[in-house]
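One structure is given below, encoded as structure tokens.
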Ligand code: SF4
């Protein structure tokens, strides 16, 4: 039978009508789930950002009979223009795992018993107050998330910093983008990218720096592929420590030894200067040169402190500094052939090529994370390839609202919604908007995340409230922090949607509303704020994290600061928060605009979004009448930093002779607590494994699937080998996805961090292997 | 940790498929199926480069062109079981057989053949140039003796996990990592042809969940 095109389309249309939401294929093997009573019902589509990665795709969620039943890409959202990845498409199934936490639980004589949520909230408030009265204001802490909604983070900060007067507010985004922030602050004086995803449609060359974008930011990656297909001469260069799906797609993969990206970046600058590729006009007008401290340590000991100091240098001094980084010298450090370093430099140096660099965890989870961020900015600044369409040093963020909630709201110990606690004006502003005495806000930052969990272990912190994150899987050097959390007089409150290793250590579990079961906003990697309405009801007594905090705040006597009603609290919270960002550098869209649109980019000035910052053609905050205005720094310039190569905190040696690298796979989001409850994702990658190079596996005598014991100075773990799988590490390195709570790889990792950003390095520590 | 759904029947005994599918292919690749402690399939998605190369090489027009010339029924008629190498359905010129790579002159990139008045299907694995190692010519339609062979059912189409979501990849990816070869262009089978391949990374949306594996559900230990 031959179908003509029209007949085929007709048949296809019948097929897709069958596939619309609610009417699952009858009689098929997946189809054992319950059907909605009364058939498919009327389907309404409602917009929301995706629950998962920092790309921030716009989704349309199909709703029928009060249940989310389908997802399609939102064609009105410029992030993804109607396309999603497999996590987004199946995201709504994560709402309906059978073991959803729907009631509050309180530990009584060692066992968790169900209680009404109001009783659990009473206990949380009592315990918080009692701990604070007995041990002081800094004995209580809040640990949140880049998956908090913006209102979640805002009320947490207001309660803890404004009302309770402690700077013990941190979020898991410390583990994911703190180095990106300190990189931006030190190079530009203002956080978050100058460019936007539209850069992908203009760049000629993409360099991914230690960034497996094909799996971690898939929708952006395939936008690159489709540009390469559509436009002549587009190239993707994968600069990596292991072969990944991104390497499979790249035009060229350049492998470097872990940590030596620092040396290679400097070498690229050396070559750019040597070959006279420096954009002199740009550098003279818009750049100043600086150096900071060296030999800055790794933070593996308790109470570690460090503060950098900047010294201005001149171009000649910078040139002299780069003498140590000739391609030939750097080849010896990095294993990257000098020719390839020169090739990379020539791409950045060629004035007719637009270059976009992408990075995420490879550069941020790095004991010199701030430095490597600075160094990649250096490259772009030397050649002036920045803040114009297609020329973009682009720091991607991992979580859906790491930017929106953690970076912009400032849910980190040193931050306020505008500025930092150390700054008196910033404290004044916060006190005024929050209606608290300015003395409430402590001018001294307290604990960053790793130190906060150390303080919990030591007993300096006795009460911790954890929301929307799973630190008992994700903390590096995990065993110490789990033992700490389990100590007798520690009180741990966990708000979550499913049982996890973190709820296992909780004294109180609060059932949380998830994603579209509440109203809220996220903020993605390209300064885009995305509002979602409550689309379905939360199950049982589940309550939004925002409202949980407000309930506790009211119980502690802060009605004045938290006056809102449960019927309408997101809009007033947003409008209050927005006051912190008034002005053309960070103006946020009003609630009514957010509610209507599929995301709005800030600065949102006079009804217009800002796509490229620091460029007067796009950015109304530019005031200097020049072609660029880097207004974040007092000298109105972007800062180039002389930052040396320094080795990793722990490198392979005789005894522990392998690198251990950890990360994600496309199918699973972080610790898998949501995606493992999505059938298709779980079935695609049901459990974790350790990737080993085939030659190393042969030496060890293991074949695919056999068990390998991974041993570090901190702990050990036995898991199946994956040889020649999707990712293939180089010889002497193993890689483990961390989504699987049955294989807690973070018991093996090291809690060393970047002394400037305090972000731990999950990509490098030393292990040895045994056949199990 | 993993709980197998006993009631998930995929239309044929699993063992049949494992025996019929894995053995010849494992032999072909010089490997052998091993009992392992891992739930993650052997050969887990390691040949993705083929897909990306195909996306780059295939002319844009061919990514969406359609001839409607082949149907799934015709496709399976050439196979002993789903996943087996199809037999060669046409006469092969004697002069041709001395050099098997000549097959690729039509089946490497596809395109219209005046000789057969049809669009040639594209092979997903052009790097294996000894085509007749697996693909047999047909000299007679007569069986030597009758056989009691039964095949399993072909993977069902459109098994999305929920309405509007992209269906997972229902078959093993071994030797078929290049989605573009079979699922796009005028030589593609109409029922499985798509025209959105320009985005290039099929597995961004389509997860590999072969129907020959039992479905499991996550439960905490
Ligand atoms: S997980 Fe990321 S890439 Fe995938 S749909 Fe969600 S936001 Fe988009």
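So for the stretch A:190-202 (the condition being assigned to a helix (DSSP H, G or I), within 14 Å of chain B (Cβ to nearest Cβ) and within 16 Å of the ligand (Cβ to nearest atom)), does at least one residue qualify? Yes, the stretch A:190-202 has at least one match.
Consider residue B:152 carefully, then state whether it is under 17 Å from the mean Cα position of the chain (by Cα), touching a residue at least 24 places away in the same chain (Cβ under 8 Å), outside any loop (DSSP other than H, G, I, E, B) and more than 9 Å from every other protein chain (Cβ to nearest Cβ). No. Just one of the listed residues (A:748, A:736, A:730, A:685) is in contact (Cβ under 8 Å) with a residue 60 or more places away in the chain and either within 13 Å of chain B (Cβ to nearest Cβ) or within 16 Å of the ligand (Cβ to nearest atom) (or both), namely A:736. The residue that is nearest to the other protein chains (Cβ to nearest Cβ), counting only those in the stretch A:91-126 that are out of contact with any strand residue (DSSP E or B) (no Cβ under 7 Å at 6 or more places or on another chain) and within 16 Å of the ligand (Cβ to nearest atom), is A:93. Is the stretch A:231-241 home to any residue that is within 13 Å of chain B (Cβ to nearest Cβ), closer than 30 Å to residue B:50 by Cα and in contact (Cβ under 8 Å) with a residue 40 or more places away in the chain? Yes: the stretch A:231-241 contains one or more residues that are within 13 Å of chain B (Cβ to nearest Cβ), closer than 30 Å to residue B:50 by Cα and in contact (Cβ under 8 Å) with a residue 40 or more places away in the chain. If the condition is being near the ligand (Cβ under 7 Å from one of its atoms) and within 14 Å of another protein chain (Cβ to nearest Cβ), then the stretch A:44-58 contributes A:50, A:52, A:53, A:55, A:57. When the test is whether a residue is at pLDDT below 95, within 16 Å of the ligand (Cβ to nearest atom) and crowded, with 16+ Cβ neighbours inside 10 Å, residue A:21 does not pass it. Residue selection: residue B:181 fails the criterion of being without any contact (Cβ under 8 Å) to a residue 60 or more places away in the chain, closer than 19 Å to residue B:79 by Cβ and away from every other protein chain (no Cβ under 14 Å).
Which members of the stretch B:208-218 meet the condition of being facing chain A (nearest Cβ under 8 Å) and farther than 28 Å from residue B:186 by Cβ?
Hits for the stretch B:208-218 are B:209, B:213, B:215, B:216, B:217, B:218.
Given the criteria in contact with a strand residue (DSSP E or B) (Cβ under 9 Å, 6 or more places away or on another chain), modelled with pLDDT of 95 or more and either within 11 Å of chain B (Cβ to nearest Cβ) or closer than 20 Å to residue A:597 by Cβ (or both), does residue A:82 qualify? Judged against the criteria, residue A:82 is not a match. Hey, among the residues in the stretch A:692-731 that are at positive phi and touching a strand residue (DSSP E or B) at 6+ places or on another chain (Cβ under 6 Å), which one's modelled with the highest pLDDT? For the stretch A:692-731, the residue satisfying everything is A:701.
When A:551, A:575 are checked against the criterion of being in a helix (DSSP H, G or I), closer than 28 Å to residue A:177 by Cα and not assigned by TED's automatic domain parsing to the domain that holds residue A:370, A:575 stands alone in meeting it.
The helices (runs of 4 or more DSSP H) found wholly in the stretch A:331-407 and carrying at least 3 residues that are under 21 Å from residue A:285 (Cβ atoms) and in contact with a strand residue (DSSP E or B) (Cβ under 8 Å, 6 or more places away or on another chain) occupy A:369-382.
The values are calculated or read from the model by the stated rules, or taken from the named source; none is laboratory data. What you see is a predicted model; the values in this text were computed from it and never measured. Cβ sites come from the backbone with ideal geometry, for glycine too, and all protein chains shown count toward neighbours.
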